[in-house]
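The values are calculated or read from the model by the stated rules, or taken from the named source; none is laboratory data. These figures come from a predicted structure and were not determined experimentally. A quick note on method: Cβ atoms are made from the backbone with ideal geometry, for glycine too, and the neighbour counts reach across all protein chains shown.
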Protein chains: 2
Amino acid sequence: MQNLSKEIGKKVRIETIDNEIISGILMPRVELLSEDYVTIKLDNGYNIGVKKSRIKSISIIEDLRKDKLSVELKKPKRKSERKNISILATGGTIASKVDYVTGGVKAAITPEELILSVPEIEDLANISSREIFNKFSENLKPEDWITIAKEIYKEIKKEKPYGVVVTHGTDTMAYTSAALAFMLKTPVPIVLTGAQRSSDRGSSDAALNLIHSIKVALHPSFSEVCVVMHATMSDNFSYIHPATKVRKLHSSRRDAFKTVNAPPLGKVSSGKVEFFQEVKERNEDKLSLDARLDRRVILLKYFPGMEEKLLRFVLNSDYRGLILEGTGLGHVSEDLFKVLDELISSNVIVAMCSQTIYGRVNMNVYSTGRHLLALGVIPCEDMLAETAYVKLMWVLAHTKNPKKIREMMLTPYAREISERSLVL
Amino acid sequence: MQNLSKEIGKKVRIETIDNEIISGILMPRVELLSEDYVTIKLDNGYNIGVKKSRIKSISIIEDLRKDKLSVELKKPKRKSERKNISILATGGTIASKVDYVTGGVKAAITPEELILSVPEIEDLANISSREIFNKFSENLKPEDWITIAKEIYKEIKKEKPYGVVVTHGTDTMAYTSAALAFMLKTPVPIVLTGAQRSSDRGSSDAALNLIHSIKVALHPSFSEVCVVMHATMSDNFSYIHPATKVRKLHSSRRDAFKTVNAPPLGKVSSGKVEFFQEVKERNEDKLSLDARLDRRVILLKYFPGMEEKLLRFVLNSDYRGLILEGTGLGHVSEDLFKVLDELISSNVIVAMCSQTIYGRVNMNVYSTGRHLLALGVIPCEDMLAETAYVKLMWVLAHTKNPKKIREMMLTPYAREISERSLVL
């Protein structure tokens, strides 16, 4: 077979000995794959390995590398009749493209490049954009949420945009959106968005998510922190998710984000933004920032066989809070009651969510739950475990009083708990 | 206000000062609730607290305690033209009712009582039943899965039933079903079922789930381990879920169980059992039991801010396996690469699932995933984290060879991995 290393980055067509046709971009060798394979990035964006011994022929269809260099960069022009929208970039797939030379995903699209790749947004608003940092969201830490919150605060205070769009990796976007919702009070919309597929893929959701986010940021009577992402697998509309009740529920689909235990705030289709429920009006809140977090919180999911020693590790570390993802209505094995008692007696706050994701914890129904309540475990209602984890960090930075902590955990600050008609 | 302690267990009607009418069963005082409240169990089964100062009047509607004593127990009769079905009870809501005297849920319905409470099942089959144990499923441990597997094996071997139904608490039923699917090869159907609402509640799903489970156990051409539970919020049909791809996805709804990353095996409506895909025929497998587990496995869900020290606790304990619930396509922060490398170098098996629940891990797309693959993390395809946890315990009890462990983790034994057309 020919020497392929020179052809990396080109679009190729492979015919196999069993007459299968595979076309896609020839990628550099993946570290783990033996030299007996070539790697092809399919049009759907996935990489596959094709055994060299199966290949009958390879032909070059197109040299994509040249096309990629022909994009001309120019600064967008401002028009006075349009509203000003600030895009703050933090990284992630929406700001990345496949690097056809190294084979990795290059997280290096500048905000200017992003605008150039979605020229429609220039007709919607005067866009100014800057990069806060450029990280894949799986690498973000609570400190990064504070940085993002501070930069949004600064942007709104200094630049007075009509709305803010934050581009963000999807992996931990829901953790960040919850953190921002607790930290910021805002007179203008703050919209987080991202992409499940990079913008150079045919199936990319980057453009539509960005356009729809800007439309929400331009809405004349809305001013909450929210997440705007594809609502379906097609390119027809997006949902506006409440920042604290949204979860990534699929690893790859474009409609991965779902509002959990509440309806979405609204939807955006090509024509319009529509709200399903009452939302905060513009300028209803004054701009304020409260970005303190106590990092000493841990999240543990219960599983049958979870041993006391894991909770004893928590007890012997410097943790001040533990979010348990229990089973069903908010349960863990009775084997853990003793160590939970010790944790709570040592002033570690223990709060319960459910690994069922959907539904509300109700720890009054069964003896297990009632026993846990009696120990002092806080039942987090219908809060997502991820949101409860973020919230407990925020609450612990505000008070050391256990009674006040419980009260704050059970008080909705940013839609994180849905009301029910009767509460025990 | 009158002394209510004598009236506990009676159905009451409360009128509040703001003219709200609340009717339900008067419950003993819940430990946590102050004496200013009375507790009422509503018809929908939930307890609510009503502040005494809000109560205008309380009247007794009905004394349920007498009715509950009038059930007459009798042994069901066997008829030769019917097939024999064995019900093995392990506890949980399906085998419980509210104890109107103590206020707790009494996990004490015997199999005979269960049959009496659902008399229809006697027309379907000759039912023989026995109790393996009587536990809420949140208290079950891997040892209990072994006990259940052994008892099912013994039952099929000795009694030769046409099918087996296992009643089980819903909280951890999906963990148990996965364990049974790995441990047992079976010539007859093994159907797990339970109830989200106890059988003395109007909205109970106990009867229909039991009837539908028996219908599946009676099917002439099916012999897998499966879970049969309500498919919708109404009482119209149930799904037959594959044992390893089912998850409890709501804390209280009757349709809480969903098949994840695959279609259900089939459905049961009042009239018939219908399969959506090819299933194992009766007697396709010979009865065999392989109930070894290595308990030294831990499941950890990744969250932003997860610290190295948590994984260092795993490293310093005697664990042999770690299931990580990563973000998105199977990621954790690069901050953890070093300790993961140390874990894998110390022969701890590290395998990756996704906390998105839906979708497949694909660790070739981004540099984070590729780095983790290079460290030796096993990508668990579209396996549920709960199933991967159970499977790794089972695999580790069968081989110490890391290459063989990886191969077994990536080989589907009981539908736990769905096929896709092209795999890297």
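Going by the conditions given, is A:ASN316 assigned by TED's automatic domain parsing to the domain that holds A:GLU386 and either of a type in the set (A, V, I, L, M) or over 18 Å from the mean Cα position of the chain (by Cα) (or both)? Can you show your working first?
Numbers: assigned by TED's automatic domain parsing to the domain that holds A:GLU386: yes; either of a type in the set (A, V, I, L, M) or over 18 Å from the mean Cα position of the chain (by Cα) (or both): yes.
Judged against the criteria, A:ASN316 is a match.
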For the stretch A:364-380, pairs from a residue that is closer than 18 Å to A:ILE405 by Cβ to a residue that is crowded, with 19+ Cβ neighbours inside 10 Å and acidic (Asp, Glu), with Cβ under 9 Å and 6 or more apart or across chains, are A:CYS380/A:GLU416
In the set A:GLY305, A:GLY326, the lone residue that is small (Gly, Ala, Ser), within 12 Å of chain B (Cβ to nearest Cβ), part of a strand (DSSP E or B) and buried (at least 20 other Cβ atoms within 10 Å of the Cβ) is A:GLY326
Of those in the stretch A:218-228 that are more than 13 Å from A:GLY266 (Cβ to Cβ) and not hydroxyl-bearing (Ser, Thr, Tyr), the residue surrounded by the fewest Cβ atoms within 10 Å (Cβ to Cβ) is A:PRO220
Filtered residues of the stretch A:235-256 (kept if touching a Gly at 6+ places or on another chain (Cβ under 9 Å) and either among the hydrophobic types (A, V, I, L, M, F, W, C) or within 14 Å of another protein chain (Cβ to nearest Cβ) (or both)): A:ILE240, A:LYS248, A:LEU249, A:HIS250, A:SER251, A:SER252, A:ARG253, A:ALA256
What about B:LEU336, is it at pLDDT 95 or above and more than 7 Å from chain A (Cβ to nearest Cβ)? yes
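State all residues of the stretch B:372-393 that are over 24 Å from B:LYS141 (Cβ atoms) and within 9 Å of chain A (Cβ to nearest Cβ); if no residue qualifies, say none. Show your work before the answer.
First pass over the stretch B:372-393, keeping only residues over 24 Å from B:LYS141 (Cβ atoms): B:372-379, B:381-382.
Hits for the stretch B:372-393 are B:LEU373, B:ALA374, B:ASP382.
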Within the stretch A:351-367, restricting to residues that are out of contact with any Cys (no Cβ under 7 Å at 6 or more places or on another chain) and within 16 Å of A:MET306 (Cα to Cα), the one that is nearest to the other protein chains (Cβ to nearest Cβ) is A:SER354
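Rundown of residues vs (1) in contact with a helix residue (DSSP H, G or I) (Cβ under 9 Å, 6 or more places away or on another chain); (2) buried (at least 19 other Cβ atoms within 10 Å of the Cβ); (3) in a loop (DSSP other than H, G, I, E, B), yes/no style:
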{"residue": "B:THR244", "(1), (2), (3)": "yes, yes, yes"}
{"residue": "B:ARG247", "(1), (2), (3)": "yes, yes, no"}
{"residue": "B:ASP255", "(1), (2), (3)": "no, no, yes"}
{"residue": "B:ASN261", "(1), (2), (3)": "no, yes, yes"}
{"residue": "B:PRO264", "(1), (2), (3)": "no, yes, yes"}
{"residue": "B:VAL268", "(1), (2), (3)": "yes, yes, no"}
{"residue": "B:GLU274", "(1), (2), (3)": "no, no, no"}
{"residue": "B:VAL279", "(1), (2), (3)": "no, yes, yes"}
{"residue": "B:ARG282", "(1), (2), (3)": "no, no, yes"}
Odd one out for A:LEU310 among (1) touching a Leu at 6+ places or on another chain (Cβ under 8 Å); (2) within 12 Å of another protein chain (Cβ to nearest Cβ); (3) in contact (Cβ under 8 Å) with a residue 12 or more places away in the chain: (3)
Since B:SER317 meets every condition but one in (1) surrounded by 19 or more Cβ atoms within 10 Å (Cβ to Cβ); (2) within 14 Å of another protein chain (Cβ to nearest Cβ); (3) in contact with a strand residue (DSSP E or B) (Cβ under 9 Å, 6 or more places away or on another chain), which condition does it not meet? (1)
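Given the residues A:TYR175, A:TYR162, which is the only one that is more than 14 Å from chain B (Cβ to nearest Cβ) and aromatic (Phe, Trp, Tyr)?
On the way: A:TYR175 fails: more than 14 Å from chain B (Cβ to nearest Cβ).
Of A:TYR175, A:TYR162, the one residue that is more than 14 Å from chain B (Cβ to nearest Cβ) and aromatic (Phe, Trp, Tyr) is A:TYR162.
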With the structure loaded, tell me whether A:GLU131 is closer than 23 Å to B:GLY330 by Cα and acidic (Asp, Glu) or whether it fails that test. no
Please pick out the residue among B:GLU138, B:GLU151, B:GLU159, B:GLU224 that is under 25 Å from B:ILE417 (Cα atoms) and acidic (Asp, Glu). B:GLU224
Can you name the condition, by its number, that B:ARG295 falls short on among (1) facing another protein chain (nearest Cβ under 10 Å); (2) modelled with pLDDT of 95 or more; (3) farther than 20 Å from B:LYS245 by Cβ; (4) outside any loop (DSSP other than H, G, I, E, B)? (4)
Being among the basic types (Lys, Arg), within 21 Å of the chain's Cα centre (by Cα), assigned by TED's automatic domain parsing to the domain that holds A:LEU396 and under 29 Å from B:ASP382 (Cα atoms): is that true of A:LYS245 here? no
